[in-house]
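S.K.: Sharing a structure with you now.
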Amino acid sequence: MSKPKRKRKNRQSEDQGLDEIPRLPKTKPLQLRYYGDPVLRKKAEPVQEITDAEMTLAEEMLMTLYATHGIGLAATQVGVLKRFLIVDIDPEDADYEPLMLFNPEILSVEGESVAEEGCLSIPDLRADVKRPEKIVVKAMNDYSEDIQIEADGLLARVIQHEIDHLNGTLFIDRISGLKRQLLRDELEKIQKADRPL
Ligand code: NI
């Protein structure tokens, strides 16, 4: 998910050089897949075991997340159909460890909230999305441990947005038909845009 526009702490953080972001891995960012790419509509496969390949993917995805100023990224968005996502809702805070979730599964939901979302794979388009306010998620972390996370607010929203990606669902699928109709031209433009590889 891309960073919510209204929640930026200050203008400075936007212009911050990548070298100032803590924990930046030493790998190159991966190529993002954009709206219109069929891979974004595919269902990702469970990860059986965390091997070096998964750890490399995790590092590369973190690099990609920070390079694009995102706060969440699913493996699907870099063309890898594995059930894996990363979330870092506060990249400038070194004390906040990025979440790395393999095979995430929502166990329960509570409440309802509406907030604006954007997506790194659908640049420059934002819309209000209704989702459960609180969630309990189980997953395997990058140490192969089974974990459970209770989340609410922005964290809950980002995790749900990224789990959607693993199922081939985009946030635009969750907005009303009428609103989506209004966004149709913008979506078409995004789909046809020339992007460097
Ligand atoms: Ni997204």
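S.K.: About the Cα centre of the stretch 18-192, what is the dipole size in debye to 20, counting +1 per Lys and Arg Cβ and -1 per Asp and Glu Cβ, all else neutral?
M.R.: 1040 debye
S.K.: Rounded, prolate or oblate, given the Cα gyration tensor of the stretch 142-194, with a/c below 1.5 counting as rounded?
M.R.: Note, shape of the stretch 142-194 comes out prolate.
S.K.: Still on this structure: In the chain, which longest range has no GluC sites (Glu not before Pro) that are both DSSP loop (not H, G, I, E or B) and surrounded by at most 11 other Cβ atoms within 10 Å?
M.R.: Longest run free of exposed loop sites: 50-111.
S.K.: Give me the distance in nm between label points sitting 7 Å out from Cα along the Cα-to-Cβ direction at Met55 and Leu107, one decimal.
M.R.: 2.8 nm
S.K.: State the answer as a single residue: which of Tyr66, Pro46, Ile190 lies farthest towards the positive end of the charge dipole of the chain, with beta carbon charges of +1 for Lys and Arg and -1 for Asp and Glu, about the Cα centre.
M.R.: Positive-end residue among those listed: Ile190.
S.K.: When only DSSP loop residues count, what chymotrypsin sites (Phe, Trp or Tyr not before Pro) in the stretch 60-104 have their Cβ near at most 15 other Cβ atoms within 10 Å?
M.R.: Values: sites: Tyr66, Phe84, Tyr96, Phe102; in loops: Tyr96.
Taking the stretch 60-104 and a limit of 15 other Cβ atoms within 10 Å, the loop chymotrypsin sites (Phe, Trp or Tyr not before Pro) found are Tyr96.
S.K.: Also: Which is the longest run of the chain containing none of the trypsin sites (Lys or Arg not before Pro) found in DSSP loop states (not H, G, I, E, B) with at most 10 other C-beta atoms within 10 Å?
M.R.: No qualifying site falls inside 27-197, the longest such stretch.
S.K.: Per 10 Å bin, what is the whole-percent P(r) computed from every C-alpha pair distance within the stretch 43-187?
M.R.: P(r) for the stretch 43-187, in whole percents per bin: 11, 42, 36, 10, 1.
S.K.: How many nm separate the modelled label positions at Asp194 and Leu182, each set 7 Å beyond the Cα in the direction of the Cβ?
M.R.: Output for this residue pair reads 3.2 nm.
FYI, it's all coordinate maths here, none of it is from the lab. For clarity, every value in this text was computed on a predicted model and none was experimentally measured. Don't worry about glycine lacking a Cβ; one is built from the backbone with ideal geometry, like all the others, and counts go over all protein chains shown.
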